[in-house]
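The values are calculated or read from the model by the stated rules, or taken from the named source; none is laboratory data. Just so we're clear, the structure is a prediction, and the values are computed from it rather than from any experiment. We place every Cβ from the backbone using ideal geometry, glycine too, and count neighbours over all the protein chains shown. We work out accessible area using only protein heavy atoms, side chains counted, and drop any ligands, DNA or RNA first. Shrake-Rupley method; radii C 1.70, N 1.55, O 1.52, S 1.80 Å.
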Amino acid sequence: VSGPPFDLAVRGGRFLTLGPEVADGSTLLVRGGLISGFAAKNSERPLARREIDASGRIIIPGLINAHTHAAMSLFRGLADDLPLEAWLARIWPAEAAAVSPEMVHRCTLLSMAEMLLSGTTLVADSYFFEEEVARAAREIGMRAVCGQGVLDFAAPDAPAGQGLSRLAAFLDGFSEAPLLRPAVFCHSVYACRPETLSRGHALARERGCLFFIHVAETAKEVRECVRAHGTTPLRLLERLGLLDESSVVVHGVHLDEGEVGLLAARGAALVHCPESNMKLASGVAPVGLMLKASVRLALGTDSAASNNDLDMLGEAGSAACLQARSGRALSDGEALRLATLGGADALGVPCGRLEAGRLADLAIIEPGFEALPEAPLAGQVLRAGAGRVRTVVVGGEVVVEEGRLTRIDLKEVMGKVRELARGLSA
Ligand SMILES: [Zn+2]
């Protein structure tokens, strides 16, 4: 005798699928970690091991944070009200003193708790000791792309000049797991020499993983790159042959039209981080130009220390509002698309859409103070905000249930991070 044919059924809600529309009140069915399909409202109830009643709620694909440094939740509030260069001058010494495997593990768990509770099911992290990020993701049940950081100068997990061998060791030792993928993160053109960038990119290619890099975040970065290399950061990457479908360019605030065209022509993805760009007074990325050129766009929070939070609904809302200056280039629906399908495409993970055959990653949201129940769902979701995310599913597993994490004790994680923070201010 076999059990129920499905692992999970989500019934009764309204679906914002980001793909083909599904009628209100249909039932979403999950088997083997994937979305099997939808059963119509009045059809026979398919049997599932577990059922979720989503009546009155909105079901969306899990949000995708395509760029953050999760462990930096420890430094939240440490360097507020500073532009990037002054911010880095405050953050880098703190990192040198505080970052350890234990710190990355504890603080990443806290960030992943924050992300899951606000509906994010997949994160692309870029930091040090990334094997600890993988460990945290396995514990809490979150999907993660783990980008091991490379700098030319001393990093918390490698002496000066050893970043690439540390990266190779990380990639060699990465244990396969359904939720996890390794990646390469060369910090920037100012923290890595051209040779380091080329070798980091070659390693990414060799192992079939993504190559992340901060590019053109500030005007100063661009000026100094022109002085040092005779060209802009993005054109330096092009000159080195490092722009392709495996490249994930982060920020791109100060790109001209030609550079936007280059991103599109090479098929590189760009992660837009509007709130971090605002907080550090870096500027506003030319998202309108990027959309027009069909650049592969995703959305990220960057770290909690340069943002305030890791809330992707807030980030998508900010992205939409920030485009008011360019004639509202980004609608609510488009912003939400960047935070789901755009991220899935940039990271090469088959999620981001509620559709048969995709990974069963989703979030269930309680609408907020909506007077018009028929208002477009994307706007309702953005207005509801992170605080109204009720239930979150990753790979068919319920990891947040009615606002509570199912796998870990948030209080305990918070307590362990506060212990570290006390050491920081001592
Ligand atoms: Zn960053």
Of the listed residues (S165, S126), the one being part of a helix (DSSP H, G or I) and either of a type in the set (S, T, Y) or modelled with pLDDT of 95 or more (or both) is S165
Here's a check for you: in the range 294-313, which residue that is within 20 Å of V381 (Cβ to Cβ) and part of a helix (DSSP H, G or I) is farthest from the ligand (Cβ to nearest atom)? L313
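For A79, are the conditions met, namely being in contact (Cβ under 8 Å) with a residue 24 or more places away in the chain, assigned to a strand (DSSP E or B) and among the aliphatic types (A, V, I, L, M)? Steps first, answer last, please.
Numbers: in contact (Cβ under 8 Å) with a residue 24 or more places away in the chain: yes; assigned to a strand (DSSP E or B): no; among the aliphatic types (A, V, I, L, M): yes.
So A79 fails the test.
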Candidates V393, V400, filtered to the one that is closer than 30 Å to E95 by Cβ and crowded, with 20+ Cβ neighbours inside 10 Å: V400
Give the residue, chosen from E238, E245, that is in a loop (DSSP other than H, G, I, E, B), away from the ligand (no atom under 16 Å from the Cβ) and charged (D, E, K, R). E245
Enumeration of residues in the range 135-165 that are in contact with a strand residue (DSSP E or B) (Cβ under 9 Å, 6 or more places away or on another chain), without any contact (Cβ under 8 Å) to a residue 40 or more places away in the chain and surrounded by fewer than 20 Cβ atoms within 10 Å (Cβ to Cβ): Q162, S165
Limited to the range 350-386, what total is found for residues that are on the phi < 0 side of the Ramachandran plot and open to solvent by less than 10 Å² (accessible area, probe 1.4 Å)? 11
When restricted to H254, H272, the only residue open to solvent by 10 Å² or more (accessible area, probe 1.4 Å), of a type outside the set (A, V, I, L, M), within 16 Å of the ligand (Cβ to nearest atom) and at pLDDT 95 or above is H254
List, please: which pairs have Cβ atoms under 6 Å, are six or more places apart or on different chains, and start with a residue in the range 289-314 that is at pLDDT 95 or above and end with one that is open to solvent by 10 Å² or more (accessible area, probe 1.4 Å) and within 16 Å of the ligand (Cβ to nearest atom)? none
Could you tell me whether L34 is out of contact with any Cys (no Cβ under 6 Å at 6 or more places or on another chain), buried (at least 22 other Cβ atoms within 10 Å of the Cβ), at pLDDT 95 or above and within 25 Å of V349 (Cα to Cα)? no
Out of the residues in the range 275-285 that are within 9 Å of V253 (Cα to Cα) and surrounded by 22 or more Cβ atoms within 10 Å (Cβ to Cβ), state the one that is farthest from the chain's Cα centre (by Cα). S282
Check whether at least one residue in the range 54-75 is surrounded by 17 or more Cβ atoms within 10 Å (Cβ to Cβ), under 28 Å from the mean Cα position of the chain (by Cα), assigned to a loop (DSSP other than H, G, I, E, B) and not small (G, A, S), and report yes or no. yes
Quick count over the range 182-237, residues being more than 20 Å from C146 (Cβ to Cβ) and not basic (K, R), is 24
For the range 10-18, indicate whether the set of residues that are surrounded by 21 or more Cβ atoms within 10 Å (Cβ to Cβ), among the aromatic types (F, W, Y) and under 30 Å from H187 (Cα atoms) is non-empty. no
Filtered residues of the range 281-293 (kept if away from the ligand (no atom under 16 Å from the Cβ) and in contact with a Ser or Thr (Cβ under 6 Å, 6 or more places away or on another chain)): G288
